[in-house]
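What follows is a set of notes on a single structure, which appears directly below.
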């Protein structure tokens with residue numbers, strides 16, 4: 001019964017949030033509302049709006065996450081803007097993951113039914129490859145964050161492993177979207193800065209690739225040892 005009360009409160013909070021100017025501006029991709037109005041009035045306290053918006057976006061996908069990433073980069077610059085965007089996306093991925101694991105009620109089943117083929121595909125991938133697959137899926141912005149989180153919640157993956165997979169995967173995603181949207185927020189520094197940004201992103205991807213290869217080699221060695229012991 002307590003779960004249903006908590007779930008009802010969550011839906012009520014979402015309904016109230018839906019009526020706010022913040023969500024309306026985000027759904028209309030109105031970056032000026034956040035950068036020219038809220039940031040000028042609130043300064044760093046703009047994060048009190050954008051971080052919760054990113055959490056909600058990662059659960060319900062009400063608007064493109066790219067909008068908030070651009071807002072953060074415009075308001076705080078690339079470095080701090082990316083840190084804040086990473087914090088918001090990771091918090092949202094964790095929130096969705098734990099909501100699905102804790103509640104497992106109506107809306108979760110509706111998400112499964114609506115996206116049955118996609119959900120089952122992600123579930124199989126995550127169950128088979130674990131952390132590596134979550135990092136890959138989160139690195140590519142076209143994959144829905146809430147579906148990835150929900151699929152992961154139904155696998156045996158531990159909380160710690162899931163957390164770090166979100167950190168590394170969302171770092172790649174935020175970096176890539178910042179790179180693609182650089183003409184909007186980079187201004188006069190776009191040319192040379194984007195070159196450095198691209199070089200850094202490629203280096204980060206290479207590091208992830210080496211990590212995947214190392215993990216795969218280690219897994220094969222473990223399976224070989226187990227087979228030898230059995231035989």
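At a 10 Å Cβ-Cβ cut-off, how would you order 50, 89, fewest neighbours first?
Details: 50 25, 89 28.
Final ranking by Cβ density, sparse to dense: 50, 89.
Between region 48-90 and region 136-176, the alpha-carbon centres lie 16 Å apart.
If I stretch the segment between residue 28 and residue 62 completely, what's the gain in nm (0.36 nm per residue apart, minus their alpha carbon distance), one decimal? Before the final figure, lay out the partial values.
Working: separation 34, 0.36 × 34 = 12.24 nm, distance 1.06 nm.
Computed gain between residue 28 and residue 62 is 11.2 nm.
Cβ crowding within 10 Å, taken as a proxy for footprinting-reagent exposure, orders 180, 53, 197 from fewest neighbours to most as 180, 197, 53. The ranking of 54, 173 by Cβ neighbour count inside 10 Å, starting from the fewest, reads 173, 54. Maximal additional length on extending the residue 206-residue 160 stretch stands at 14.2 nm, based on 0.36 nm per residue less the C-alpha distance. Here, region 120-231 has an Rg and a Dmax of 17.4, 66 Å when only alpha carbons are counted. Between residue 36 and residue 79, the FRET efficiency estimated from the beta carbon spacing at R0 = 25 angstrom works out to 0.70.
How would you classify region 150-214 from its alpha-carbon gyration tensor, with a ≥ b ≥ c the square roots of the eigenvalues: rounded for a/c under 1.5, else prolate if a/b is greater than b/c, otherwise oblate? List each step's numbers first, then the result.
Working: a/c = 4.31, a/b = 2.01, b/c = 2.14.
Here region 150-214 falls in the oblate category.
Laboratory data are not the source of any read-out in this text; all were calculated from the coordinates shown. Quantities reported herein were computed from a predicted structural model and do not represent experimental measurements. So basically every Cβ, Gly included, is an ideal-geometry build from the backbone, and we count neighbours across all protein chains shown.
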